[in-house]
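Down below is the structure, laid out as structure tokens.
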Amino acid sequence: MVDAVGATTYSGYTPGASATESGSDAKTATLNYESFLKLLVAQLKNQDPTEPMDPTQQMAQLATFSQVEQTIKTNTNLESLLQRTSLQEANSVIGRTITSEDGKISGVVKEVTLYTDGIVATLDSGEKLVVGPGVKVK
């Protein structure tokens, strides 16, 4: 379930389920990639036939193009890996007892909400607790 803030709430996790990628980062990378490709094609189309582009510069630009493509693929794979790790971490606390670092909040995790910067557990008492450093899981 996705709430108004854009967080995804899970009350359980099925291994192998796909996760939705972060749209804004992927769109920005795609726009940069497409812009680079359009610029390269325009440059090739509009070069002066009497003074063509230096082949060394052309090869350097094509190499840069390849690096941009590989960087985008690497970022996509890394994002997918981080999402799977977050889902596994969230799944591992459901049904377990967690206690805040100061000991003031404690209870059994009923569900978790995944945000881009962390996990918030909803306890059986209705209280919410950020799962992070210092939180004890039993």
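The values are calculated or read from the model by the stated rules, or taken from the named source; none is laboratory data. Owing to the predicted nature of the structure, the values given are computational and were not obtained by experimental measurement. Note: ideal-geometry Cβ built from the backbone for every residue, glycine included; neighbour counts use all protein chains shown.
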(request) Quick one: in the range 40-70, of everything that is among the β-branched types (Val, Ile, Thr) and in contact with a Phe, Trp or Tyr (Cβ under 9 Å, 6 or more places away or on another chain), which residue is surrounded by the fewest Cβ atoms within 10 Å (Cβ to Cβ)? (result) 64
(message) If I filter the range 36-58 down to residues being assigned to a helix (DSSP H, G or I) and either of a type in the set (A, V, I, L, M, F, W, C) or under 20 Å from residue 72 (Cα atoms) (or both), which single residue comes out as modelled with the lowest pLDDT?
(response) 36
(message) Just to be sure I understand, how many residues within the range 93-119 are under 24 Å from residue 83 (Cα atoms) and without any contact (Cβ under 8 Å) to a residue 12 or more places away in the chain?
(response) 1
(request) Would you mind listing the strands (runs of 3 or more DSSP E) fully within the range 91-138 where at least 1 residues are in contact with a strand residue (DSSP E or B) (Cβ under 7 Å, 6 or more places away or on another chain), closer than 23 Å to residue 79 by Cα and not hydroxyl-bearing (Ser, Thr, Tyr)? (result) 106-115, 118-123, 128-131
(message) So, in the range 71-111, exactly how many residues are polar (S, T, N, Q), over 15 Å from residue 132 (Cβ atoms) and surrounded by 11 or more Cβ atoms within 10 Å (Cβ to Cβ)?
(response) 9
(request) Scan the range 13-25 and give yes if some residue there is part of a helix (DSSP H, G or I) and either among the charged types (D, E, K, R) or at pLDDT 75 or above (or both), otherwise no. (result) yes
(message) Among the residues of the range 59-69, are any under 20 Å from the mean Cα position of the chain (by Cα) and modelled with pLDDT of 75 or more?
(response) yes
